[in-house]
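Undergrad: My structure is below; once you've seen it, I'll send some questions.
The values are calculated or read from the model by the stated rules, or taken from the named source; none is laboratory data. The structure presented is a predicted model; accordingly, all values stated were derived computationally and were not measured. Cβ placement follows ideal geometry from the backbone for every residue including glycine, while neighbour counts extend to all protein chains displayed. Just so you know, the surface numbers come from the protein's heavy atoms only, side chains and all, with ligands and any DNA or RNA stripped out. Shrake-Rupley method; radii C 1.70, N 1.55, O 1.52, S 1.80 Å.
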Amino acid sequence: MSDLRLDATQLDRYSRHVIMDEIGPEGQQRLLEGSVLIVGAGGLGSPAIQYLAAAGVGRLGIVDDDVVERSNLQRQIVHGDDDVGRPKVESAADYVATLNPDIDVDTYETRLTPENVADLVAEYDIVLDASDNFATRYLLNDHCVLTGTPLSHGAIYRFEGQVTTFTNDRGGETRDGATSGGDEPPCYRCVFPEAPEPGTVPDCATTGVLGVLPGTVGCIQATEVVKYLLGTGELLEGRLLMYDAMGMTFETVEVLSNPECPVCGDEPSIESIEDVAYEGTCEISAD
Ligand SMILES: [Zn+2]
């Protein structure tokens with residue numbers, strides 16, 4: 001039925017999706033009706049934006065308050081040399097418009113804050129965290145846990161990356177009366193309960209990163225988002241994928257929900273994002 005809703009141009013554009021049983025015209029329609037909030041239009045956000053737009057994910061929200069710098073171009077491939085000095089959300093939106101006119105792009109030239117996170121996230125099916133700092137990472141985690149919003153997590157450091165997916169699907173019982181200790185899906189704080197203090201970890205300052213590395217990690221995040229929207233395949237739920245570019249190894253470690261977790265555990269100390277001071281945590285700036 002829904003294949004009639006794809007026009008001839010779309011049937012052509014997405015033909016390599018449509019011919020696969022796992023996607024088909026219904027799956028493509030689902031992607032076109034899907035929406036993703038991408039937080040960060042940098043190293044992780046660039047490949048995610050490119051592939052989600054190419055795949056026909058119909059509405060992309062892009063949050064970033066930075067302008068393009070020449071030192072970004074080594075890895076942030078949604079921006080070009082002529083974009084230096086322009087807001088990243090603008091050059092990212094221009095890229096999408098050139099690639100695929102099917103896609104609506106909402107641009108938010110702002111930093112994600114406790115004040116705006118609820119309004120921004122509520123508009124989208126899933127959030128892709130492509131941010132470069134712990135304040136945003138913890139804010140997104142806590143908000144998504146508290147609201148049951150799915151979240152794709154990606155992080156990079158020098159020659160290493162990590163990816164996982166938090167569905168935050170706790171069956172409607174976000175916390176009260178939930179059984180824990182592995183039955184419930186984990187969150188970021190189950191593994192890393194608190195953000196590091198400024199100056200306490202070596203990656204706190206601006207650091208280097210292999211230019212290709214965020215491409216790999218951002219593409220895996222985009223893959224997870226597409227699978228989530230299609231409702232197919234096995235997500236990286238409860239699994240942390242660790243990528244070492246130097247050794248060229250991928251390792252998957254199991255991640256369990258932690259009953260002591262401050263936000264999704266049995267006796268959470270965080271019941272609202274207002275309970276947390278997100279700023280003042282460690283900044284990393286090589287997204
Ligand atoms: Zn947790």
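Conditions (1) farther than 23 Å from E234 by Cα; (2) open to solvent by less than 50 Å² (accessible area, probe 1.4 Å); (3) in contact with a Gly (Cβ under 9 Å, 6 or more places away or on another chain), marked per residue:
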| residue | (1), (2), (3) |
| --- | --- |
| A8 | yes, no, no |
| P25 | no, yes, no |
| R30 | no, no, yes |
| S35 | no, yes, yes |
| Q76 | yes, yes, yes |
| D83 | yes, yes, no |
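Undergrad: Then there is this: Say we look at region 249-286 and pick out the residues that are among the charged types (D, E, K, R) and modelled with pLDDT of 90 or more; which of these is farthest from H143 (Cα to Cα)?
TA: E251
Undergrad: Any chance you could count how many residues in region 186-201 are within 12 Å of the ligand (Cβ to nearest atom) and either at pLDDT below 90 or within 17 Å of the chain's Cα centre (by Cα) (or both)?
TA: Of the residues in region 186-201, 4 are within 12 Å of the ligand (Cβ to nearest atom) and either at pLDDT below 90 or within 17 Å of the chain's Cα centre (by Cα) (or both).
Undergrad: Anything in region 149-167 that is within 13 Å of the ligand (Cβ to nearest atom) and surrounded by fewer than 24 Cβ atoms within 10 Å (Cβ to Cβ)? List them, or say none.
TA: The one that is within 13 Å of the ligand (Cβ to nearest atom) and surrounded by fewer than 24 Cβ atoms within 10 Å (Cβ to Cβ): T167.
So that you can scan it fast, the table gives a plain yes or no per residue for (1) away from the ligand (no atom under 16 Å from the Cβ); (2) open to solvent by 20 Å² or more (accessible area, probe 1.4 Å):
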residue	(1), (2)
G218	yes, no
E224	yes, no
K227	yes, yes
R239	no, yes
L256	no, yes
P259	no, yes
D266	no, yes
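Undergrad: State which residue is surrounded by the most Cβ atoms within 10 Å (Cβ to Cβ) when the search covers only region 130-148 and only residues that are modelled with pLDDT of 95 or more and either in a strand (DSSP E or B) or of a type in the set (D, E, K, R) (or both).
TA: The qualifying residue surrounded by the most Cβ atoms within 10 Å (Cβ to Cβ) is D142.
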